[in-house]
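I have placed the structure first, in the form of structure tokens, so that the comments after it can refer back to it.
No lab work stands behind these numbers, since they all come straight from the coordinates. Note that the coordinates shown come from a computational prediction; the quantities given were computed from them, not determined experimentally. For neighbour counting, all protein chains shown are included, and Cβ atoms are generated from backbone atoms with ideal geometry for every residue, glycine included.
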Amino acid sequence: MMSPEERERVKGYIKVLEAYLDGKTIQYANEGYKWTDIACDVPPPFNFTLAGQYRVKPEPREFYISAGYRTNNSWQAIGQGLESGEKIRVREVLDNE
């Protein structure tokens with residue numbers, strides 16, 4: 001019988017494979033290396049027995065912040081040329097972690 005840790009590991013593999021089927025970008029990182037996009041050619045290049053990790057490439061989030069306002073769940077933007085209440089569209093920049 002599978003241990004709870006093994007079940008969670010296999011569930012992670014399933015998520016990666018489902019994302020691959022959906023056409024999402026998959027990344028691989030060997031120990032000590034940065035995440036790298038992998039070419040998803042046919043046949044798929046997955047080998048879950050190697051000492052590395054696969055993941056679905058994170059997508060940057062987009063959101064709005066308001067200038068001059070502060071609430072419990074939002075940022076306050078302060079800068080030159082911003083009108084109070086002006087909405088600013090922000091796109092997250094992801095580091096290759």
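With just the Cα atoms of the stretch 4-56, tell me how far they stretch along each of the three principal axes, in Å, largest first.
Cα spread of the stretch 4-56 along its principal axes, largest to smallest: 31, 27, 16 Å.
So what's the net charge close to K11: Lys and Arg +1, Asp and Glu -1, counting the other residues with Cβ under 12 Å from its Cβ?
Once all neighbours under 12 Å are counted, the net charge is -1.
What is the local net charge at E62, summed over the other residues whose Cβ is closer than 9 Å to its Cβ (Lys, Arg +1; Asp, Glu -1)?
+2
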